[in-house]
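The structure appears below as structure tokens.
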Amino acid sequence: MTGRACEPDGHCITCGDEGILMRVLEAHHETAVCVDEEGERHQVAVELIGSVSRDQRVLVHAGVAIA
Amino acid sequence: MKFVDEFRNAQLGQALSGEILTELEPGRHYKVMEVCGGHTHSIYKYGIDDLLPENVELVHGPGCPVCVIPMGRVDDGIAVARNEGVIFTCFGDMLRVPGSENTLLDAKAQGADIRMVYSPLDALRIARENPDREVVFFAIGFETTAPSTALTLRRAKAEGISNFSCVCNHVTIVPPLRALLESPDLRLDGFIGPGHVCTVVGARPFEFIPLDYGRPVVISGFEPLDILQSILMILRQLSNGRCEVENQYTRVVPHEGNLRALEVMAEVFELRPHFEWRGLGFISQSALRLSDAYRDFDAEERFQVPGVRVADPKACQCGEVLKGVIKPWECKVFGTACTPEHAIGTCMVSPEGACAAYYNFGRYAREKEAV
């Protein structure tokens, strides 16, 4: 994701205040493994949205789920 | 992917475009500002401008965090990065933002250890892995990003990580909007509200716009149909004589925002008395600094920074673009002296900036029109 952020036809999703929709694959205490629409997996901090469960959709910004 | 594909449906887009036509008052010119840089990017990427009638004009607002960073703050970051033993971390777009003499990328080429991160949590991981080095995170962003920085600092404090600090440039969206609404040279009919900022702060902070200034606001998602529907909702409010904050992005934005995120932000940050915005000048209580409880993590306390105010280059008209007074291509240096590869102004650096978005997605169409 970091690489994509610096391509001329891409954009920095963090600088753009953009949230990325992801699906939860594995839920742990304060983190979850999530997958984005391109199939890429991410470690996401989930403590700002409370507990999450498998297949739940979350909005992720800068590695942190905000909704 | 569910909640994505259905919001990119071309037939529905054309239908919405047709509905927009039915809400227009003949002979009236409408100016609608999209506040968020993410919306600007989507508008150009998906050609939403081309689906609107000529008398509906989209004005690009100040909601690109990179674009509003003044040069002096970049100089401060570079000064910190050049300290021996420092690992300086920042988001990708920050690397190419011009300071008075250099960019962070130039400083990196000259030997500073500057690393790009996707999340402040990555910067904290680097600090854990390098206990003998000082790791500094250059924090930028509106209320969407501020919770990530706050959460990172709360974790750093809980873990007792003392080699981590932060140059805090987080800004808040409401004060510049108020400044724009007070600006005599700008006439706007309505606002497309910043969907992801509202995920955190909710809808309430925007209620002053219809109440005090009589302009409708529609909080919008970022897919093409989200934006078209939001424009339709604004025009419908105007044609019905209504004026309120509506939420188009209900699948994500709760009215009250994210209370956990607001709580961690209140713990870690406090308002700065004033902060300089590129093109907009100093705006009171428009930015965040670390609270007393987190002062130990403030890189501006830990390192010496120049803290000098630097005037923008004379040729650059980012200020007028940010205020929506001129279109990107009306700037004297757009596409000639100022390009994404060699940006003079910040609006050309970040793809969320109106100039870069137009350069990347709209320039060729305009050239064709001219022929």
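The values are calculated or read from the model by the stated rules, or taken from the named source; none is laboratory data. The model shown is predicted, which means the values in this text are computed figures rather than measured ones. Cβ placement follows ideal geometry from the backbone for every residue including glycine, while neighbour counts extend to all protein chains displayed.
A few comments on the model shown:
- Members of segment B:227-270 found to be within 14 Å of another protein chain (Cβ to nearest Cβ), more than 17 Å from A:GLY19 (Cβ to Cβ) and polar (S, T, N, Q), listed by number: none
- Residue match in segment B:215-222 (condition: of a type outside the set (A, V, I, L, M), at pLDDT 95 or above and at positive phi): no
- Residue check, B:ASP185 touching a Ser or Thr at 6+ places or on another chain (Cβ under 6 Å) and of a type in the set (D, E, K, R): no
- Residue pairs whose Cβ atoms lie under 9 Å apart, sitting 6 or more positions apart in sequence or on different chains, and linking a residue in segment B:227-249 that is outside any helix (DSSP H, G or I) to a partner that is modelled with pLDDT of 95 or more and of a type in the set (Asp, Glu), are B:GLU244/B:GLU207; B:VAL245/B:GLU207; B:GLN248/B:ASP226; B:TYR249/B:ASP226.
- Filter pass, B:THR144 being surrounded by 24 or more Cβ atoms within 10 Å (Cβ to Cβ), part of a helix (DSSP H, G or I), in contact with a helix residue (DSSP H, G or I) (Cβ under 9 Å, 6 or more places away or on another chain) and on the phi < 0 side of the Ramachandran plot: no
- Residue match in segment B:148-157 (condition: in contact with a His (Cβ under 8 Å, 6 or more places away or on another chain), crowded, with 20+ Cβ neighbours inside 10 Å and without any contact (Cβ under 8 Å) to a residue 40 or more places away in the chain): yes
- Filtering B:ARG187, B:ARG236 for residues that are basic (Lys, Arg) and at pLDDT 95 or above leaves a single hit, B:ARG236.
- Of the helices (runs of 4 or more DSSP H) contained entirely in segment B:261-371, those carrying at least 3 residues that are buried (at least 19 other Cβ atoms within 10 Å of the Cβ) fall at B:318-322, B:354-361.
- Note on segment A:30-67: residues that are in contact with a Phe, Trp or Tyr (Cβ under 8 Å, 6 or more places away or on another chain) and within 18 Å of B:VAL264 (Cα to Cα) total 2.
- Verdict on A:ARG54 being out of contact with any Gly (no Cβ under 7 Å at 6 or more places or on another chain), assigned to a loop (DSSP other than H, G, I, E, B), modelled with pLDDT of 85 or more and more than 7 Å from chain B (Cβ to nearest Cβ): yes
- Test result for A:ILE66, at the interface with chain B (Cβ under 9 Å from one of its Cβ atoms) and either in contact (Cβ under 8 Å) with a residue 60 or more places away in the chain or crowded, with 22+ Cβ neighbours inside 10 Å (or both): yes
- B:VAL371 being modelled with pLDDT under 80, more than 14 Å from the chain's Cα centre (by Cα) and not assigned by TED's automatic domain parsing to the domain that holds B:ASP106: yes
- The lone exception for B:ALA109 - which of (1) surrounded by fewer than 20 Cβ atoms within 10 Å (Cβ to Cβ); (2) of a type in the set (A, V, I, L, M); (3) under 27 Å from B:VAL174 (Cβ atoms) it fails: (3)
- Meets criteria (away from chain A (no Cβ under 14 Å), under 26 Å from B:GLU34 (Cα atoms) and either among the acidic types (Asp, Glu) or assigned to a loop (DSSP other than H, G, I, E, B) (or both)) for B:PRO175: no
- Any hit, segment B:285-296, residues being within 14 Å of chain A (Cβ to nearest Cβ), aliphatic (A, V, I, L, M) and within 18 Å of B:PRO65 (Cβ to Cβ): no
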